[in-house]
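*Asks:* Here it is: the structure, laid out below.
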Amino acid sequence: MSKQTDDLFKNIVSHAKEYGFVFQSSEIYDGLSAVYDYGQLGSELKNNLKTYWWKAMVQLNENIVGIDASIFMHPTTWKASGHVDGFSDPMIDNKDSKKRYRADQLIEDKIERYEKDGKTDKAAQLQKDMDDALNDDDLARLKAIIEEHNIVCPMSGTKNWTDVRQFNLMFSTQMGAMADGAEQVYLRPESAQGIFVNFLNVQKSGRMKIPFGIAQIGKAFRNEVIARQFIMRMREFEQMELQFFVRPGTELEWYEKWKEARLKWHLTLGAGADNYRFHDHVKLAHYANAAVDIEYNFPFGFKEIEGIHSRTDYDLKQHQEYSGKKLQYFDHELNQNYIPYVVETSVGVDRLFLSVFANALVHEDLSTEDKKDSRVVLKFHPAIAPVKAAIMPLTRKDGLPEKAREIMDKLKFNYNLQYDEKDSIGKRYRRQDAIGTPFCITVDHQTLEDNTVTIRHRDSMKQERIAADDLGRIIGDLTSWNNLLQQLV
Ligand code: ATP
């Protein structure tokens with residue numbers, strides 16, 4: 001990371017902490033690595049992002065329904081899905097620093113360095129060599145590549161490497177009271193399997209006809225060895241997944257449709273098309289016949305925010321085999337039974353949060369010829385802003401606080417609001433800018449006379465005088481989900 005992007009990223013992390021968006025988990029005990037807590041405003045923002053996804057998926061599509069499956073699943077689930085045997089990363093340890101690294105990430109860092117130094121041919125060749133080795137699961141070759149390119153441990157600076165080994169990313173624990181009689185269970189590493197095992201339950205109870213989708217938002221757990229970049233790579237994170245069941249042979253058509261639909265969804269959040277790109281997978285997972293990432297231009301470069309996979313009939317077939325239960329669909333139009341094919345879209349809530357937060361955080365220079373001035377603003381789309389409006393009596397006397405409370409009491413049933421009567425109005429505006437509140441409503445002496453208030457708009461900083469009775473409508477119009485959802489249809 002260059003010094004500038006490093007500073008930008010540090011700024012994001014510190015702003016998120018200072019204003020109650022994201023805290024390190026168990027901070028008073030010096031934290032737990034790669035685990036984070038969402039604070040009072042972060043949880044509001046996160047909930048809003050989840051609501052927007054849910055509405056876009058479940059509410060706008062008649063043929064998509066949502067479920068909420070458990071984190072614990074029968075252990076055979078993970079044998080069937082391939083996670084027990086195959087959900088691992090190639091790891092390498094440095095014998096001097098005793099630090100463990102993902103072999104492919106060490107190589108990727110080297111590729112980045114070659115690119116920065118203008119050695120594009122060398123970077124391309126290294127990328128190809130690594131992709132080939134990963135494709136062939138050739139761990140010895142990965143180690144040889146690391147040695148050939150003089151890749152050193154960032155901690156010790158030495159090349160004293162162990163062999164490359166596979167390291168399973170699933171967390172396990174015991175279920176049942178007695179340790180010896182207990183069953184080993186896993187914390188799910190993806191939410192998708194909770195959908196596959198419920199495929200028939202939902203299809204039958206909901207009388208769903210193919211093509212149809214099952215959506216889910218939920219936690220997933222991965223024992224990521226290298227935790228880095230704040231909430232980008234966590235050990236406990238949240239996913240929003242759609243598994244879309246289709247007729248065999250139509251999956252690639254649906255894959256293309258979902259690719260476009262998902263990119264469109266991200267674009268409505270306002271970060272601009274230049275900040276997104278598709279990245280096709282070179283190495284396809286064992287279950288996929290096509291796969292692409294939507295990457296976002298984070299302060300540290302383009303990185304995956306969402307994965308879209310054509311998963312074939314792999315998962316349902318595996319569960320059918322391991323459970324001995326038929327997981328098939330009778331297609332009345334074709335008069336035929338088959339195991340449906342699946343297209344998956346899977347977006348990480350935390351990475352989405354980071355992208356939205358990073359894009360919204362703006363430092364604005366407001367200096368005039370006579371006065372230096374600036375402000376920090378979180379320019380969230382009003383629909384996802386954690387606080388919709390702040391209600392502020394101009395002074396703490398003359399009955400203004402009571403009037404402000406009266407206005408607030410009418411609006412609070414529909415909107416998340418803050419009441420603020422401390423400091424000058426200017427300082428209060430700045431505080432609300434820094435948390436992204438779209439409207440500040442000031443109650444002054446005129447309010448007592450004619451029931452009007454001033455409403456100040458976050459982005460333009462313009463103020464207008466309006467009837468207090470119109471507040472509900474005005475806030476409602478600008479913060480409505482319709483503004484986002486209508487762009488999708
Ligand atoms: P990566 O290659 O970055 O490890 P992945 O390809 O393993 O990610 P998927 O299994 O496709 O990720 O999961 C879907 C989405 O879940 C990702 O696009 C990402 O947004 C999110 N995600 C995956 N792992 C993590 C993690 N450790 N922390 C936060 N979000 C994650």
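The values are calculated or read from the model by the stated rules, or taken from the named source; none is laboratory data. Treat the numbers as computed from the prediction; the structure is a model and nothing was measured. Ideal geometry is used to build each Cβ from the backbone, glycine not excepted, and the neighbour counts take in all protein chains shown.
*Asks:* Between LYS143, LYS128, which is of a type in the set (Lys, Arg), farther than 30 Å from TYR329 by Cα and exposed (fewer than 12 other Cβ atoms within 10 Å of the Cβ)?
*Replies:* LYS128
*Asks:* Inspect all residues belonging to the stretch 281-299 and state whether any of them is loosely packed, with under 15 Cβ neighbours inside 10 Å, modelled with pLDDT of 95 or more and within 27 Å of GLY86 (Cα to Cα).
*Replies:* no
*Asks:* Further, regarding this structure: Any residue in the stretch 216-234 that's farther than 24 Å from VAL164 by Cβ: show its pairings with residues that are among the acidic types (Asp, Glu) and more than 9 Å from the ligand (Cβ to nearest atom) at Cβ separation under 8 Å, as long as the two are six or more apart or on different chains.
*Replies:* GLN216/ASP68; ILE217/ASP68; GLY218/ASP68
*Asks:* On to the next question. Looking at this structure, is LYS379 free of Cβ contacts under 8 Å to residues at least 12 places away in the same chain, touching a Lys or Arg at 6+ places or on another chain (Cβ under 9 Å) and not hydroxyl-bearing (Ser, Thr, Tyr)? Spell out the reasoning first.
*Replies:* Values: free of Cβ contacts under 8 Å to residues at least 12 places away in the same chain: no; touching a Lys or Arg at 6+ places or on another chain (Cβ under 9 Å): yes; not hydroxyl-bearing (Ser, Thr, Tyr): yes.
Against the criterion (free of Cβ contacts under 8 Å to residues at least 12 places away in the same chain, touching a Lys or Arg at 6+ places or on another chain (Cβ under 9 Å) and not hydroxyl-bearing (Ser, Thr, Tyr)), LYS379 does not qualify.
*Asks:* Say whether the condition of being assigned to a loop (DSSP other than H, G, I, E, B), among the basic types (Lys, Arg) and either in contact (Cβ under 8 Å) with a residue 12 or more places away in the chain or within 16 Å of the ligand (Cβ to nearest atom) (or both) is met by at least one residue in the stretch 250-259. Full working, then the answer.
*Replies:* To start, the set of residues in the stretch 250-259 that are assigned to a loop (DSSP other than H, G, I, E, B) comprises 250.
After this cut, where a residue has to be among the basic types (Lys, Arg) as well, the list is none.
Checking the stretch 250-259: not a single residue is assigned to a loop (DSSP other than H, G, I, E, B), among the basic types (Lys, Arg) and either in contact (Cβ under 8 Å) with a residue 12 or more places away in the chain or within 16 Å of the ligand (Cβ to nearest atom) (or both).
*Asks:* Based on what the data block shows, is GLU241 touching a residue at least 12 places away in the same chain (Cβ under 8 Å), part of a strand (DSSP E or B) and near the ligand (Cβ under 8 Å from one of its atoms)? Walk me through it before giving the result.
*Replies:* On the way: touching a residue at least 12 places away in the same chain (Cβ under 8 Å): yes; part of a strand (DSSP E or B): yes; near the ligand (Cβ under 8 Å from one of its atoms): yes.
For GLU241, the condition - touching a residue at least 12 places away in the same chain (Cβ under 8 Å), part of a strand (DSSP E or B) and near the ligand (Cβ under 8 Å from one of its atoms) - is met.
*Asks:* Here is a follow-up. Testing ASP85 on (1) within 16 Å of the ligand (Cβ to nearest atom); (2) at pLDDT below 95, one condition comes back false. Which one is that?
*Replies:* Condition not satisfied by ASP85: (1).
*Asks:* Now for a separate question. In the list GLN229, GLN216, GLN193, GLN239, which residue meets the criterion of being within 25 Å of ALA34 (Cβ to Cβ), modelled with pLDDT under 95 and assigned by TED's automatic domain parsing to the domain that holds ASP68? Break it down stepwise before answering.
*Replies:* Details: GLN216 fails: modelled with pLDDT under 95; GLN193 fails: modelled with pLDDT under 95; GLN239 fails: modelled with pLDDT under 95.
When all the criteria are applied, what remains is GLN229.
*Asks:* Next question. Quick one: GLN446 ticks every box in (1) part of a loop (DSSP other than H, G, I, E, B); (2) over 23 Å from GLY20 (Cβ atoms) except a single one, so which number is it?
*Replies:* (1)
*Asks:* Give the residues of the stretch 287-325 that are away from the ligand (no atom under 13 Å from the Cβ) and farther than 19 Å from PRO211 by Cα, sorted by residue number.
*Replies:* Across the stretch 287-325, the qualifying residues are ASN297, PRO299, GLN318, HIS319, GLN320, GLU321, TYR322, SER323, GLY324, LYS325.
*Asks:* Please find, within the stretch 326-344, the residue that is farthest from the chain's Cα centre (by Cα) out of those that are over 30 Å from ASP109 (Cβ atoms) and within 16 Å of the ligand (Cβ to nearest atom). Explain how you work it out, then say what you get.
*Replies:* Taking the stretch 326-344 and keeping what is over 30 Å from ASP109 (Cβ atoms), we get 326-343.
Subset that is within 16 Å of the ligand (Cβ to nearest atom): 342-343.
Numbers: VAL342: 22, VAL343: 19 Å.
That would be VAL342.
*Asks:* Here are ILE12, ILE28: which of them is at pLDDT 95 or above, over 30 Å from TRP481 (Cα atoms) and not charged (D, E, K, R)?
*Replies:* On the way: ILE12 fails: over 30 Å from TRP481 (Cα atoms).
It is ILE28.
*Asks:* Related question: Looking for something within 16 Å of the ligand (Cβ to nearest atom) and of a type in the set (Ser, Thr, Tyr) - is there at least one such residue anywhere in the stretch 371-389? Before the answer, list the steps.
*Replies:* Initially, the stretch 371-389 is screened for residues within 16 Å of the ligand (Cβ to nearest atom), giving none.
No, that holds for no residue.
*Asks:* Answer yes or no: is there a residue in the stretch 433-443 that is among the aromatic types (Phe, Trp, Tyr), crowded, with 16+ Cβ neighbours inside 10 Å and within 22 Å of LEU49 (Cα to Cα). Give the derivation first.
*Replies:* Of the residues in the stretch 433-443, the ones among the aromatic types (Phe, Trp, Tyr) are 439.
Cutting the leftovers down to crowded, with 16+ Cβ neighbours inside 10 Å gives us 439.
Remaining after also requiring within 22 Å of LEU49 (Cα to Cα): 439.
Within the stretch 433-443, one or more residues are among the aromatic types (Phe, Trp, Tyr), crowded, with 16+ Cβ neighbours inside 10 Å and within 22 Å of LEU49 (Cα to Cα).
*Asks:* Quick test of your reading of the structure: PHE413 fulfils all but one of (1) touching a Gly at 6+ places or on another chain (Cβ under 9 Å); (2) of a type in the set (A, V, I, L, M, F, W, C); (3) farther than 28 Å from VAL13 by Cβ. Name the failing condition by number.
*Replies:* Going through the list (1) touching a Gly at 6+ places or on another chain (Cβ under 9 Å); (2) of a type in the set (A, V, I, L, M, F, W, C); (3) farther than 28 Å from VAL13 by Cβ, PHE413 breaks only (1).
*Asks:* So, one more: Kindly indicate whether LEU263 is free of Cβ contacts under 8 Å to residues at least 60 places away in the same chain, surrounded by fewer than 20 Cβ atoms within 10 Å (Cβ to Cβ) and within 16 Å of the ligand (Cβ to nearest atom).
*Replies:* Details: free of Cβ contacts under 8 Å to residues at least 60 places away in the same chain: yes; surrounded by fewer than 20 Cβ atoms within 10 Å (Cβ to Cβ): yes; within 16 Å of the ligand (Cβ to nearest atom): yes.
Taking the combined requirement at face value, the residue satisfies it.
*Asks:* Given the residues LYS55, LYS46, which is the only one that is surrounded by 18 or more Cβ atoms within 10 Å (Cβ to Cβ), out of contact with any His (no Cβ under 9 Å at 6 or more places or on another chain) and modelled with pLDDT of 95 or more? Outline the logic, then answer.
*Replies:* Values: LYS55 fails: surrounded by 18 or more Cβ atoms within 10 Å (Cβ to Cβ).
Result of the check over LYS55, LYS46: LYS46.
*Asks:* Suppose we filter the stretch 35-78 for residues that are of a type in the set (Asp, Glu) and within 20 Å of GLN243 (Cβ to Cβ); how many remain?
*Replies:* Initial filter on the stretch 35-78 (of a type in the set (Asp, Glu)): 37, 44, 62, 68.
Adding the requirement that they be within 20 Å of GLN243 (Cβ to Cβ) leaves 62, 68.
Looking only at that region, the number is 2.
*Asks:* Would you say ILE151 is more than 18 Å from ILE226 (Cα to Cα), of a type outside the set (Gly, Ala, Ser) and modelled with pLDDT of 95 or more? Even if it seems obvious, please write down each step before you answer.
*Replies:* Values: more than 18 Å from ILE226 (Cα to Cα): no; of a type outside the set (Gly, Ala, Ser): yes; modelled with pLDDT of 95 or more: yes.
Considered against the rule, which asks whether it is more than 18 Å from ILE226 (Cα to Cα), of a type outside the set (Gly, Ala, Ser) and modelled with pLDDT of 95 or more, ILE151 comes out as no.
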